[in-house]
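No value in this document is a laboratory result; all are computed from the given coordinates. Values in this document were obtained by computation on a predicted structure and should not be read as measured data. Every residue, glycine as well, gets a Cβ built from its backbone with ideal geometry; the counts of neighbours run over all protein chains shown.
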Amino acid sequence: MTNQKEIEKRRTFGIIAHPDAGKTTLTEKLLLFGGAIQTAGAVKSNKIKKSATSDFMEIEQQRGISVATSVMAFDYRDKHINILDTPGHKDFAEDTYRTLTAVDSVILVIDNASGVESQTEKLMEVCRMRNTPVIVFINKMDRYGKDAFELLDEIETKLGIGVRPLAWPIGMGDDFKGVYNMHEQELSLFHGNKTGISEELVKFTDLDNKELDEIIGDEAANELREEVELVDGVYDEFNMEDYLSGKIAPVFFGSAVNNFGVRELLNAFVDISPSPRGRDTDQGFIEPSAPKFSGFVFKIHANLDPKHRDRIAFLRIVSGKFERNTFYKHVRNGKKIKFPNPTSFMAQDKSIVDEAFPGDVIGLYDTGNFKIGDTLTEGKDFNFVGIPSFSPEFFQELRNDDPMKSKQLDKGIRQLMDEGVAQMFIQEPGSRKIIGTVGQLQFEVILYRLLHEYGAKCSFTPMNYHKACWMTSDKPEEIEKFLKAKTGNIAKDKDDNYVFLAETPFLLEMAERDYPAITFHKTSEFKVK
Ligand code: G4P
């Protein structure tokens, strides 16, 4: 098969959701439909259980599971589908943000009772930054939840994206009768069945047909007719371009745990979702059809065995063809590297791959060469851009409790930062190491891993910062002035960029007011635009 055919076959996407909305369940059902697994329950949830007191070993175990489920590939119809898994736990949100740079589209799962929740808002912000196409799946229709119109309004207002329902639910909870697919003009009747794949489809080109009353009852039939009319009146026709540019999200309804609405979702996904897209580099845009191989590392996973410090770097292939045992250039350090055991993932199974194509994600065994964001090419010197850092929410100073182990500590913390476990800011004088994370759990992870993998004993002292902001200005002298005035709150990030550590939202606002020529950014993305 030619590269072009391989590219067109592929669909690489991520499922995002607020914890508990049904992401794991939906992933599993998609794999069932794709024949990648045979029984429900085969995919272990990679989420860390939600109890506030997640114990550390549990985190370690979950990390192990999440390596196995990092990429789940399956074939459906004539497509090769790659699902990139994202951690559900909010303390690992940064991992999810980065994974979103490696997908071409997203399915957003929303719980019909909870509606749009905080975590979803953040994740969608990241999707909007890169105009990622989104399909919405409103889940748990077998339970009573919010009214469908209300949910759609909530999505539009809270997530800043237009919606177009392509299917419409008939009732909910105990009265849930099914879904009418306006796109296919098909009625799909609900028969709850957690073990098998159950669906009854009835073609219905004309909703005025009296047969509808017989099947779902007069009341439900009339309600459906009215609501579908309203939907057609309120929402514009579904427009493919608006979907592909991330402006409009088609919406489906169903119940993942009951296998209901999943096939419709999958079919629509295969019909409309984009094939692998190119990516921006510091030398211009690289199309997937470009003949030479290129790819970038978006995730690094440490091996669980503390005696072996090898890691798996996850590489998204952007262009050309990746081949096993072939030398590629690691652009950041200028070295040529070849990979004897590149790994692909198929549900729970890992296997060595000989070749991989744009849209695919492979795992590369790494002994410490890679950092998140690194580019591999067939020889050209360019770097993919667009793996942003986000301002952390928690800050603590890392203190070395064993001066004899300074070297180990330096090495360990550097490697953990390369993996993207947290961000480190260095503050002068004294090279103070300030660690910033999006959740408290990471501090535990860092202390544990520094001790067990590097033999470095350290501790954290909380620091009272609210945000780390990167700065840009058309007037460099203004930044100079600011840096002098705020020395106590200035540090450098991993790329030697200055950041302003603001103690409170008020102090950040003051800085913005006092220095109008400076823009304060809460993500490092601005650098790459
Ligand atoms: P997550 O990955 O987004 O965190 O969610 P997950 O799939 O684990 O689902 C969270 C809970 O919601 C699970 O119940 C799951 O069974 C349930 N669920 C998923 N889809 C549906 C649905 O369509 N209808 C209903 N009623 N429930 C649904 P749990 O009790 O937390 O776990 P479990 O013991 O059932 O696995």
Taking K158 as the anchor, which aspartates and glutamates have their alpha carbon closer than 18 Å to its alpha carbon, excluding any fewer than eight residues away along the same chain? D111, E117, E121, E125, D147, E150
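Place a +1 charge on the Cβ of each Lys and Arg in the chain and a -1 charge on the Cβ of each Asp and Glu, then give the dipole magnitude about the Cα centre in debye, rounded to the nearest 20.
Details: 68 positive and 84 negative charges, 690 e Å.
About 3320 debye.
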One quarter of the C-alpha convex hull surface, i.e. the mean projected area of the range 383-529 in nm², amounts to 9.2 nm²
Cα pair distances in the chain, grouped into 20 Å bins until the bin that holds the longest one, percent each: 21, 52, 25, 3, 0
Whole-Hz couplings from phi, Karplus 6.51/-1.76/1.60, listed for the range 205-211; x for Gly and Pro: 6, 10, 5, 6, 3, 5, 4
With unit charges on the beta carbons (Lys and Arg positive, Asp and Glu negative) and the dipole taken about the Cα centre of the range 394-526, which residue among I413, S524, Y454 sits farthest to the positive side? Y454
Furthest towards positive pole of dipole, Q283, V331, I216, structure part the chain, Cβ charges: V331
Would you mind working out the magnitude of the charge dipole of the range 279-377 relative to its Cα centre, with +1 at each Lys and Arg C-beta and -1 at each Asp and Glu C-beta, to the nearest 20 Debye? 360 debye
Quick one: which residues, 5 or more positions from V163 or on another chain, have an amide H under 5 Å from its amide H? H modelled 1.01 Å from N in the peptide plane, none for Pro or chain starts. A249
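Please give me the summed charge of the neighbours of T101: other residues whose Cβ is under 9 Å from its Cβ, Lys and Arg +1, Asp and Glu -1. Present the calculation step by step, with values, prior to reporting the outcome.
Details: positive: R98, R130, R279, R316; negative: none.
Surrounding charge for T101 is +4.
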Of the listed pairs K23/K494; K407/K467; K23/K405; K122/K336, which have alpha-carbon separations greater than 31 Å here? K23/K494; K23/K405; K122/K336
Could you tell me how far the Cα centroid of the range 473-529 sits from the Cα centroid of the range 93-151, in Å? 31 Å
In sequence order, calculated HN-Hα J values of the range 410-417 (Karplus, 6.51, -1.76, 1.60; Hz; x Gly/Pro): 4, 5, x, 5, 5, 5, 5, 5
Taking H as built 1.01 Å from N, whose amide H comes closer than 5 Å to the amide H of L108, not counting residues under 5 places away? I16, I135, V136, F137
In terms of Cα to Cα distance under 19 Å, which aspartates and glutamates are near enough to K350, apart from those fewer than 8 places away along the same chain? E28, D75, D85, D305, D310, E323, D360, D366
Burial-style ranking of 483-494, 317-328, average other-beta-carbon count within 10 Å with highest first, yields 317-328, 483-494
Add -39500 (n - 2.57) for each DSSP H run of 4 or more in the chain, then divide by its residues: what number comes out at 222 nm, to the nearest 500 deg cm²/dmol? -8500 deg cm²/dmol
Toward the positive end of the charge dipole of the chain, about the Cα centre and with charges on Cβ (Lys, Arg +1; Asp, Glu -1), which of Y180, L398, I362 goes farthest? L398
